[in-house]
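J.: This is the structure, below, for whatever I ask next.
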Amino acid sequence: LHLGVSLRSFRSERLSQAIAAVMSGELAEARTQLEQVLKNYPIVRTRSLVVAKQWVKAKARGSERYGALASSGAKRLKPLGLNMGVKIDPCAWFLNDASDIRSSYYLEDAGSEFDVQGLELDWTMVVWDGDLIAQLDKALGSWRYRNFSGTKWQEIRQLVDQRYRLNAYRVLLTRARQGMVIVVPEGDTQDPTRSPEFYDPTWKYLAHLGIPEVPVMSPA
């Protein structure tokens, strides 16, 4: 899953370098690279799935394909309607048209790093869960790595498993040819498995990197 060099995006040759810096916590390098990438490759963030779906649909033109992506470890997106415990039908998801509810166009089923490694979409909606949490108050490049087991989150201690989780997100963030929206849910204070503290640090990290927020659209 490691993508040290990538040619996924024809609109930004620097995307791979930017995402590598983001994931390694090299703040200065990440900001510099993203500043260049954002000139011709839109990356935005939101806390709303509804807003994210509106954004990718508005960006796509003609036959351009879009879809939702999430980590295989993102087990607490289920309350938001994305069940990563259910495997997608890859052929239907990647190839079928917008009239098929199994296709990526419906934004109901998210592809994981397993499904999209080596493949790409024009526009992506990457939904971030509490399986990887940025830690700005710790050393640079510091993350919390977690697995959801049974009814609670558990810390990932093994270095190899930590690297795998980091690279899983690296894969997800490099699948779009033309641009992406990153969704970091707000969490739920009434649900201990989706506490806002599992999401707020990552949201703040993306903001610190200079990734702009999608303004919430008013209903027509």
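J.: What does segment 16-58 give for Rg and for Dmax, in Å, if only its C-alpha atoms count?
T.: Answer for segment 16-58, Rg first and Dmax second: 12.4, 32 Å.
J.: Given +1 on the Cβ of Lys and Arg, -1 on the Cβ of Asp and Glu, and no further charges, what dipole in debye does the chain carry about its Cα centre, rounded to the nearest 20?
T.: It works out to roughly 180 debye.
J.: Would you mind giving the average projected area, over all directions, of the Cα convex hull of the chain in nm² with one decimal?
T.: Working: hull surface 48.8 nm².
Value for the chain: 12.2 nm².
J.: Restricting to the chain, compute how many DSSP beta bridges are antiparallel as a %, nearest 5. Intermediate values should be presented prior to the final figure.
T.: On the way: 7 of 24 bridges.
Within the chain, antiparallel bridges account for around 30 percent of the total.
J.: Under the rule a/c < 1.5 gives rounded, and otherwise a/b versus b/c splits prolate from oblate, where does segment 103-164 land using the Cα gyration tensor?
T.: Prolate is the answer for segment 103-164, as a/c is 1.5 or above and a/b outweighs b/c.
J.: Could you pull the Cα extents of segment 38-100 along its three principal axes, largest to smallest, in whole Å?
T.: 35, 28, 18
J.: Now, a different point. Mean residue ellipticity at 222 nm from the helices of the chain, using -39,500 (n - 2.57) per DSSP H segment of n ≥ 4 over the full residue count, to the nearest 500 deg cm²/dmol? Don't skip to the answer; put the middle values down first.
T.: Details: 7 runs with 65 residues, N = 220.
Mean residue ellipticity, 222 nm, calculated: -8500 deg cm²/dmol.
J.: Which percentage, to the nearest 5, of the DSSP beta bridges contained in segment 120-204 is antiparallel?
T.: Roughly 55 percent of the beta bridges in segment 120-204 run antiparallel, per DSSP.
J.: Kirkwood hydrodynamic radius for segment 134-209: how many Å is it when counted over pairs of different Cα atoms?
T.: One over the average 1/r among Cα pairs gives 14.0 Å for segment 134-209.
J.: How large a share of the accessible area of segment 87-213, in percent, is made up of carbon and sulfur atoms when the probe is 1.4 Å and the other protein chains stay in place?
T.: 49
J.: Among the listed pairs LYS87/LYS204; LYS57/LYS152; LYS39/LYS87; LYS53/LYS78; LYS39/LYS59; LYS53/LYS152, give every one whose C-alpha distance is greater than 25 Å.
T.: In this structure, LYS87/LYS204; LYS57/LYS152; LYS39/LYS87; LYS53/LYS152 lie more than 25 Å apart at Cα.
J.: If you average the alpha carbon positions of segment 16-84 and of segment 140-208, how far apart do those two centres end up, in angstrom?
T.: 13
The values are calculated or read from the model by the stated rules, or taken from the named source; none is laboratory data. This structure is a prediction, so every number in the text was calculated from the model and none was measured. Cβ coordinates were reconstructed from backbone atoms using ideal geometry, including for glycine residues, and neighbour counts include every protein chain displayed. Please note that ligands, DNA and RNA were not included when accessible areas were found on the heavy atoms of the full protein model with its side chains. Shrake-Rupley method; radii C 1.70, N 1.55, O 1.52, S 1.80 Å.
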